[in-house]
Structures are given as C-alpha cells and as structure tokens.
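J.: Before I ask anything, here is the structure I am working with.
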Amino acid sequence: MRLTTAWLVVVTVLLTGLCACSVAAGAGAGGSTAGPSAAPATDAGEGLGGLPGACHLTGGGALPDPACTPGAVDPAVTQATISSTICVSGYTSRVRPPESYTEPLKRDLLARYGLPGPLSNYELDHLVPLEVGGAPRSVRNLWPEPASVHPGSLDKDRLENRLHDEVCSGQMRLADAQLAIATDWLQAWEQAGRP
C-alpha cells in the first residue's frame, strides 16, 4: 500500500509540474541569458499588472523580453488532445482573440516595451503559437514583434507551421515544440534549417 501511494504522489507531482512550469528564454542565437524550465506556464490571469514595469526586445529585436513574455500554453491543448484541438483545420481561427482584445493590448505592450509607433510596424505575436497550443489571451504569451527585423515575423510564422506539421504527424512531441519556440525561436529556426 505504501509503495502504491508513493508512486501516486510521484506521478501527481510530475503531471502537475508539466502543466504549470514556466519558461524563460534560454541562451542561444538571441543572446538571452535565463535558462529554460520544463514547459511554458499556463496563464495565471494577472494581466499587465503581473509584468515588469519595462520590457526590452533582445536578439537584435527578434526576441521578446523573457521576463515579460516567457510564453504560456493553453491547458486544454495536451499531447492527448491534439487530434481534437491543434490538428483540426480551423482551430486557430476559433481560438484567436478578436481585435477588440488585441489592439488595446498591443498599444499597452508597445508602451511597456518602449517601442515607437505606428502599430502597423508590429505584429502582436504569440510566443508559443496557437498552432502548437499557445495560450490565446495570455499577456505572458503576447509581445509586439517588429515587422522590420530579419529573421523576423515571416520566418517565425514558417517555423510555427513546421512545428505544427511535425507535432500533428507524430514526428515531434507537443511539449518539445512548445519549449523550443518559447526558449529561443531563433535557435529553433536555425536548427530547423531556416524554413
């Protein structure tokens, strides 16, 4: 009986850790210095008030500040649910937040990052993309990605599509894709052969 209880505690701790660990951008191509944890966090719901007062782009402007945008995942998307969530055509359209939510947030995040306008020079990007189960509305997963840097938003979009395809075809585990892109999407892009 004691052994069964001990194993149950170990499994519970492991499963809990997989759902709510945080990721800070890791050292790599973008030059960030914080180390990664096990998985992107689920959104704690603290909003902008839970972020540092000032944020700064890293990696030549291609990476978000890991303290402000560590990435967050949607708890409804797991390895067990990918066939009914991210691998279903139209999934991202169903979960993407409306402009009435994203435009004011984009303006607030531009100010927090100290970036000049206009808004059209930036994409409000999900660090952990919706295509691999990123949290749609979490401020910890959204950042103002400059359109003018290279590699930039178009390169990251191609990487997101590649990771989605690999997860849905069974070539990559969901958690591995989420961690790779949240840790340092530039390094993941390089490792994927610059898709």
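Bear in mind these aren't lab numbers, they're just calculated from the coordinates by the rules spelled out. As the structure is a computational prediction, the values presented were derived from the model and not from experiment. Here the Cβ positions follow ideal geometry from the backbone for every residue, glycine too, while neighbour counts run over all protein chains shown.
J.: In the list 182, 111, 177, 188, which residue meets the criterion of being under 25 Å from residue 58 (Cβ atoms), in contact with a strand residue (DSSP E or B) (Cβ under 9 Å, 6 or more places away or on another chain) and part of a helix (DSSP H, G or I)?
T.: When all the criteria are applied, what remains is 182.
J.: A further question follows. Would you point out the residue of the stretch 51-82, among those that are hydroxyl-bearing (Ser, Thr, Tyr) and over 14 Å from residue 132 (Cβ atoms), that is surrounded by the most Cβ atoms within 10 Å (Cβ to Cβ)? If you could, list the steps in order and put the result at the bottom.
T.: First, the residues of the stretch 51-82 that are hydroxyl-bearing (Ser, Thr, Tyr): 58, 69, 78, 81.
From the residues that got through so far, the ones that are over 14 Å from residue 132 (Cβ atoms) too are 58, 69.
Details: 58: 18, 69: 29.
Of everything passing the filter in the stretch 51-82, 69 is surrounded by the most Cβ atoms within 10 Å (Cβ to Cβ).
J.: Would you mind telling me which numbered condition in (1) over 19 Å from residue 69 (Cα atoms); (2) outside any helix (DSSP H, G or I); (3) out of contact with any Asp or Glu (no Cβ under 7 Å at 6 or more places or on another chain) residue 100 fails?
T.: Against the list (1) over 19 Å from residue 69 (Cα atoms); (2) outside any helix (DSSP H, G or I); (3) out of contact with any Asp or Glu (no Cβ under 7 Å at 6 or more places or on another chain), residue 100 comes up short only on (2).
J.: Follow-up question, since we're still on this one. I'd like to verify a number: residues in the stretch 84-93 that are touching a residue at least 60 places away in the same chain (Cβ under 8 Å) and either assigned to a helix (DSSP H, G or I) or under 11 Å from residue 136 (Cα atoms) (or both), how many?
T.: Total meeting the criteria: 0.
J.: Same structure again: Please determine whether any residue of the stretch 133-151 is in a helix (DSSP H, G or I) and either within 18 Å of the chain's Cα centre (by Cα) or closer than 16 Å to residue 69 by Cβ (or both).
T.: no
J.: Go through the stretch 50-64 and give me each residue that's part of a loop (DSSP other than H, G, I, E, B) and touching a Lys or Arg at 6+ places or on another chain (Cβ under 9 Å).
T.: 51, 52, 53, 54, 55, 62, listed by residue number.
J.: Considering only residues that are touching a residue at least 60 places away in the same chain (Cβ under 8 Å), more than 20 Å from residue 109 (Cα to Cα), surrounded by fewer than 23 Cβ atoms within 10 Å (Cβ to Cβ) and hydrophobic (A, V, I, L, M, F, W, C), which ones fall in the stretch 133-173?
T.: 168
J.: Would you check which residues across the stretch 113-126 are in contact with an Asp or Glu (Cβ under 9 Å, 6 or more places away or on another chain) and either buried (at least 18 other Cβ atoms within 10 Å of the Cβ) or on the phi > 0 side of the Ramachandran plot (or both) and list them?
T.: Once the filter is applied, which keeps residues that are in contact with an Asp or Glu (Cβ under 9 Å, 6 or more places away or on another chain) and either buried (at least 18 other Cβ atoms within 10 Å of the Cβ) or on the phi > 0 side of the Ramachandran plot (or both), the stretch 113-126 yields 113, 122, 123, 124, 125, 126.
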